[in-house]
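Everything on this sheet refers to the single structure shown next.
Nothing in this text is a laboratory measurement; each read-out follows from the coordinates by a stated rule. Given the structure is predicted, the values throughout are model-derived calculations rather than measurements. Here Cβ is always computed from backbone atoms with ideal geometry, including for glycine, and neighbour counts include all displayed protein chains.
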Amino acid sequence: MTLSNLAPIPELYVSHESAQKLKHEAGNLPSWDLTPRQICDLELLMNGGFYPLKGFQSEADYNGTVENMRTADGTLWPIPVTLDVSQAFADKVEPGQDIALRDQEGVILAILSVSDKWVPNKANEAEKVFGADDLAHPAVNYLHNVAGPVYLGGPITGIQQPTHYDFRARRDTPNELRAFFRKMGWRRVVAFQTRNPLHRAHQELTFRAAKEAEANLLIHPVVGMTKPGDVDHFTRVRCYEAVLDQYPASTTHLSLLNLAMRMGGPREALWHAIIRKNHGLTHFIVGRDHAGPGKNSQGKDFYDPYAAQTLVAEHQKEIGIEMVDFKQMVYVQEKAQYYPVDEVPEGSTVLDISGTELRRRLREGLEIPDWFSFPQVVQELRRTSPPRSRQGFTVFFTGLSGSGKSTIANALMVKLMEMGGRPVTLLDGDVVRKHLSSELGFSKEHRDINIRRIGYVASEITKNGGIAICAPIAPYTATRRAVREMIEAFGAFIEVHVATPIEECERRDRKGLYKLAREGKIKEFTGISDPYEAPTNAELVVNTEGMDVDYCAQQVILKLESMGLIKA
Ligand code: PPS
């Protein structure tokens, strides 16, 4: 029978006095401002969640992890934990040097003694770790479009843990959880990993899993980073708290895990199991399509839905944690009860609501039945996900100079203002360059900064329930995708490709810029001496050739209506 060894796990922190001293000394070191994902990784490195790693992986450990899920000394470790940095920073640092790692406010959290610096083969990392070099996978997209080009590795000296102001009482380090289990006399505990709100099926499943394993239950949701577009963790935690009452008193605990998920399916499930072992758990629930990222660019699932269970089953002994495999629970109408899908009485009516269907009902303000979820959970979800017609959104026009973006955007703005209900802001290319980006030129780097600024402002507007209309050229696919992700975290993103052909734009030449560009007097001019990567998956394509502006704006209005964003 599996019982936990609840002795403390090694952490990477130095004593309080040494930390104070180190902090002073570290002021003179080159310092790296950690990204949100790196802060999550660092926290788990320092508090033992990633035991036995002692820092960001060296090149040899990284290679082993990528190629065969083992670090150089043979330890099972399926997901790379590396410090990606910019080329400019990498040029300033050499192996043998110490660097200070700071959070986003500039607080020094740790010192990294750099032992390795290398340029990774990202395509290979994507293929081996995530199964495909396909940008539809969020971690692959992160790897190519967010992560820096150079990796640094080396041991960490922990100075202090990252500060969290939210849900402090619900966050536990591995040693805090171990101490809690010791204090409660819990020697068999099963963890439930989740990045979604809990509904009745999950409650039923976790309750059964705990019963089967004769164990206490730890609801261990991820609050670091999850899949772009997930319900935000503030809402989720309020939902988890509401569900806690549904379990028998003092059998169940809720603790938040500041992990940055990669959505790596089977490898990620294995990683989750190791992390749970480090938190003092004896059992771990692995469900259907654990940590699955959804569909690939061909519309197929990235992973076999049961590959995660197979991989964890193969390694559970080595990790020292027992897998409890998730039987999908479905509601049987005649019995008014949940059943594992393989135990449903013959001939009965099975009811289920998929995640997509739930989101549709929330979006459209439709009924969510009591058999599906708890009233408090539905109420929380409705509070943060009002129907689409009351949410913020962004209409993002992209197209060549002179394609008609600004004209349609202006017409759209006044039509939306005429309808009323939500504040409307127009972030036109030229206007932004005057007020937000006046120091920028038209190099690739500057265009990217410009578009990201627009994306940031639009995401804030969207988050706060307004309508942002953007109309820059935005010539690069990767940057448009980054903006889409920033915005989709808060509301809808409608990309409108104003696909007026270059010949027509040049014929119009409303600002006389094409002529100057042809004469070489304006450099890096989009469509002439600089690329325009046309969108392949825009929500709407309009061509202004021979069309009047009003008609084009009307097409956008119809699109918004069909998406439920405005009411007829
Ligand atoms: S970008 O690429 O999205 O950052 O461009 P954007 O901010 O939309 O700015 C485009 C406007 O700047 C004028 N302009 C140029 N455009 C493209 N390439 C070069 N080199 C250039 N130099 C100046 C041009 O008037 C664009 O406005 P629109 O409304 O698109 O015609």
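Observations on the model:
- Taking every DSSP beta bridge that has both ends in the chain, the antiparallel portion is near 35%.
- Computing FRET efficiency as 1/(1 + (r/R0)^6) for D548 and Q246, where r is the C-beta to C-beta distance and R0 is 60 Å, gives about 0.55.
- Sequentially through region 288-303, phi angles give Karplus couplings (6.51, -1.76, 1.60; θ = phi - 60°) of 6, 6, 4, 6, x, x, x, 8, 7, 5, 9, x, 9, 4, 5, 10 Hz, Gly and Pro residues having no value and appearing as x.
- Most positive-pole-ward Cα, P293, P266, P340, against dipole of region 257-366 from beta carbon charges: P293
- Rounded to 10°, Cα long-axis angle of helix 444-463 versus longest principal axis of the chain: 70 degrees
- Between 0 and 90 degrees, the angle of helix 549-562 with respect to the longest Cα principal axis of the chain falls at about 20 degrees.
- Derived scalar couplings ³J(HN,Hα) [region 243-259; Karplus, 6.51 cos²θ - 1.76 cosθ + 1.60; whole Hz; x for Gly, Pro]: 7, 3, 4, 7, 9, x, 4, 6, 10, 10, 10, 10, 9, 9, 10, 8, 9
- Radius ratio Rg over Rh of region 466-539, counting only Cα atoms, Kirkwood formula for Rh: 1.04
- In a simple Cβ point-charge model (Lys, Arg +1; Asp, Glu -1; nothing else charged), region 306-435 has a dipole of about 1160 debye relative to its Cα centre.
- Under 30 Å from the Cα of K523 - lysines, other chains or at least 8 residues apart: K405, K434, K444, K511, K515
- About the Cα centre, charge dipole magnitude for region 462-568 (Lys/Arg +1, Asp/Glu -1 at Cβ), debye: 320 debye
- Here the extension length gained between A132 and S31 equals 33.0 nm, from 0.36 nm per residue of separation less the Cα-Cα distance.
- Net +/- balance of residues flanking A201 in space, Cβ distance below 12 Å, scoring K and R +1, D and E -1: +2
- Spatially, region 342-370 and region 245-273 are offset by 24 Å when compared through their Cα centroids.
- Distant-in-sequence amide contacts of N543, defined by a placed amide H-H separation under 5 Å and a gap of 5 or more residues or a different chain, comprise A499.
- Magnitude of the charge dipole for region 414-474, about its Cα centre and with charges confined to Cβ atoms of Lys, Arg (+1) and Asp, Glu (-1), is about 100 debye.
- If the convex hull is drawn through the Cα atoms of the chain, its volume per residue in Å³: 173 Å³
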